[in-house]
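The values are calculated or read from the model by the stated rules, or taken from the named source; none is laboratory data. Quantities reported herein were computed from a predicted structural model and do not represent experimental measurements. FYI the Cβ positions are ideal-geometry reconstructions off the backbone, even for glycines, and counts take in every protein chain you see. When the accessible area is computed, the model is the full protein with side chains, heavy atoms only, and any ligands, DNA or RNA have been set aside. Shrake-Rupley method; radii C 1.70, N 1.55, O 1.52, S 1.80 Å.
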Amino acid sequence: MIKPKVSVIGLGYVGLPVSIAFDEAEYSVIGFDLNRKRINELNSNIDKTGEIKKERLTNNKINFTSRKKDLKEADVHIVTVPTPIDEFKNPDFQFIISASEILGKIIKKGDIIVYESTVYPGATEEVAIPIIEKLSRMKINNGFSVGYSPERINPADTKHNFENIKKVVSASNPNTLKVIEKLYGDVVKAGIHSAPSIKVAEAAKVIENTQRDLNIALMNELVKIFNELDINTNDVLDAA
């Protein structure tokens, strides 16, 4: 079976490790970012995020580019752009919208788009897909298809990286799900969990982040209490 050509859109702390992993699994990879300075750095084997060691950058065959037309060569497009919040604490979809607009203009029949960005349940279908349908003049599952596979990378954590964290995948139809399972299965050694729908996968990411935030908040409160009691927090954690 011929491996699809993969593009990764957004080369930050999530996108770059994804690009490197697929390249090392013998996939042909296009690494795309609108930030030309970032592209120039990567082509000079420099990663300012510190996620990828220089030797891995030096040995890759990735086409790092900021030219939108280069994306036409890919069959699967993985979107790894950030989703910040605005001043009113609402989700800011400007980067997802921008990536969807770029893809809507260049995708061909049969292409698959996989979103990894953290979003609320329903956002992929409500925000991204209508843009792609409008600009591509194709309909979902009848021209192109979409998947959602939430990123689970913990920045600066060298132990838990892209390849050894179990990957949640989902898709807009069963055939596309099989392709995405195979795609990520080639690079993620920890295994694949297939969610029954895109919304389920989106919701799983939301509760994962919520659980992490709650644990951090709890420990911060406990540290205050232990300090008042003149107890070493690390000693308590070792005992627990």
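Nonpolar atom fraction for the range 1-157, defined as the carbon and sulfur part of the 1.4 Å probe accessible area, stands at 50 percent. On the principal axes of its alpha carbon atoms, the range 22-131 extends 40, 37, 23 Å, with the longest extent given first. The range 165-240 and the range 42-93 have Cα centres separated by 22 Å.
Only Cα sites of the chain enter the Debye sum here, all with the same form factor; the resulting log10 I(q)/I(0) across q = 0.09 1/Å is -0.41, listed in q order.
Lysine pair count for the range 1-83 with Cα-Cα distance under 21 Å and sequence separation of 8 or more or different chains is 17. Solvent exposure of the range 35-156 amounts to 53 Å² per residue of accessible area, where only protein heavy atoms count and the probe is 1.4 Å. For the range 73-159, the list of GluC sites (Glu not before Pro) that fall in a loop by DSSP and count at most 11 other C-beta atoms within 10 angstrom reads 87.
Checking every one of the GluC sites (Glu not before Pro) in the range 12-47 against DSSP loop status and a limit of 15 other Cβ atoms within 10 Å picks out 26. Here the contact order of the chain, divided by its residue count and restricted to Cα pairs under 8 Å and six or more residues apart, works out to 15 percent. Taking each DSSP H run with n ≥ 4 as -39500 (n - 2.57) and averaging over every residue of the chain yields -12000 deg cm²/dmol at 222 nm.
Determine, from the Cβ-Cβ distance of residue 141 and residue 89 and an R0 of 25 Å, the FRET efficiency 1/(1 + (r/R0)^6), rounded to the nearest 0.05. Plugging the Cβ-Cβ distance into 1/(1 + (r/R0)^6) gives 0.15.
To the nearest 10, the accessible area of residue 153 is 10 Å² with a 1.4 Å probe. Simple spin-label estimate for residue 216 and residue 97 gives 2.7 nm between the two label positions (7 Å along the Cα-to-Cβ direction from each Cα).
The solvent-accessible area of residue 216, taken with every protein chain present and a 1.4 Å probe, is close to 90 Å². Roughly speaking, what % of Cα-Cα pairs in the range 1-67 are separated by over 13 Å, rounded to a whole number? Cα-Cα pairs of the range 1-67 separated by over 13 Å account for 57 percent. Both radii were evaluated on the Cα set of the range 122-240; the Rg over Rh quotient, with Rh as the Kirkwood radius, amounts to 1.16.
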